[in-house]
Amino acid sequence: MPSPRSAGLIAVVTAMTSLAGGPAHASGAAHASGAAHASGALRQEAAAVAIKEPTNLTELRREAQKAFQGIEDANRALKARQKQFDALEKRVAAKLTQLQGADQELAKVRQPLSEIVEYIYQDPAANSMGSFFPAGDGTSTLRALSDVNHIVAEQNNVVSDASKLLQQREQLAKEAQELRAENLLQEAQLDAEIDALRKRSNTLVKSLTRALVKLGVKVNANNRGTGACDPTRVDLAAQYPNGLLPRAYLCPLPQKGEELRADAAIAFADLNVAYQKRFGAPICVSDSYRSLPEQQAVYYQRPGLAATPGKSNHGLGMAVDLCGGVQIFRSVQFNWLEANSKRFGFIHPDWSYRSPFEPWHWEYDPKVGSLL
Ligand SMILES: [Zn+2]
């Protein structure tokens, strides 16, 4: 269902299009490539829906983020379209003003000329040049006649110029109307597209939340708000300084008391399902998000073993410290994670193999995650 606003716009466009006697075709640059691109994205989106609905957490997360990105793209296209339209309208208005100026100039010439011609045709005396040109020899009469012919020809030229100007103005007015109709149509299409994407994104986030709840995640633990596990809010979460993420941006893990940023938490919950299938028990987590004071405490208790406060990925809600065997380098659990965690967006960073050696430290890498 289009929003009332979209419906209104579509009605206006339909009316304007039928007035114009067919589909609106504004000239040249009026066709926004951004709008065409956004429409294409929606069709792809629709095709993807028809082919395959997301079946696991990672797919749900990806599709929700994609739909949300689509909203941003469509909004950008809408703004670009409006800017382009404003520029075109300004150009049309300037051209119309210019034509009006030419019209006025022409009127100034036309009036005296037509008065002269009228006078010549209406006054027989003038025809013999009696009053208009002083009587003289035959040469001057001939010259006078030639002058009259010239004036009449000039008058005809002016009339022809005036009708050309009128044609130009009519053409321009038609183009301006088509431009407005085209703009309204594209705006309505983008509006409808944004509506559809927003609905899809919301539906996917709801499905994702339900799936997390099923896995034992208390999404609203400590009244953080149900949006804490919404992966479309990670850009907002990323704006907070290290160790100062508000609870509303931290999604609980199935492991009680642990939490990560939404995208990392979703990836971890999915990884946890695979781990449990392999080992018959959930992943053992000893640490996850660390607030700045917590990171400071760890730093001073284990100097050299914890990152400088304000620098750790724990403070971004992206890192976990694991136990249950993973903390032992080359254990079965460590090796399994090393081989499988990338499928979920988790990595064991290069530095943690050596300096400092931390087999227990694993991180969510959004770059790896975005490719899933
Ligand atoms: Zn760590």
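All of the numbers you see were taken from the coordinates with simple rules; none came from a lab. As the structure is a prediction and not an experimental result, all values here were calculated from the model. Counting neighbours? That spans all protein chains shown, and the Cβs are built from the backbone with ideal geometry, glycine included.
Details
- Qualifying aspartates and glutamates (Cα of each under 13 Å from Cα of K206; at least 8 residues distant if same chain): E63, D230
- For region 282-299, the Karplus equation 6.51 cos²θ - 1.76 cosθ + 1.60, evaluated at θ = phi - 60°, returns couplings of x, 5, 8, 10, 9, 7, 9, 5, 10, 6, 4, x, 5, 5, 4, 4, 4, 4 Hz by residue, with Gly and Pro reported as x.
- The fraction of Cα-Cα pairs per 10 angstrom bin, counted from 0 for region 185-241, comes to 21, 38, 27, 12, 3 percent, rounded to whole percents.
- Over 24 Å between alpha carbons, listed pairs K66/K367; K214/K277; K311/K367; K256/K367: K256/K367
- Averaged over residues, the count of other Cβ atoms within 10 Å places the peptides 115-121, 202-208 in the sequence 202-208, 115-121, highest first.
- By the rule of a C-alpha distance below 19 Å, with chain neighbours fewer than 8 residues away ignored, the aspartates and glutamates paired with K108 are E118, E154, D161.
- Whichever lysines have a C-alpha closer than 25 Å to that of K174, once near sequence neighbours (fewer than 8 apart) are set aside: K79, K83, K90, K95, K164
- Taking amide H as placed 1.01 Å from N in the peptide plane, V285 has its amide H under 5 Å from the amide H of C323, each at least 5 places away in sequence or on another chain.
- Hydrodynamic radius by Kirkwood, which averages 1/r over all alpha carbon pairs of region 207-286, in angstrom: 12.7 Å
- Highest-first arrangement of 102-109, 85-92, 342-349, where packing means the average Cβ count within 10 Å: 342-349, 85-92, 102-109
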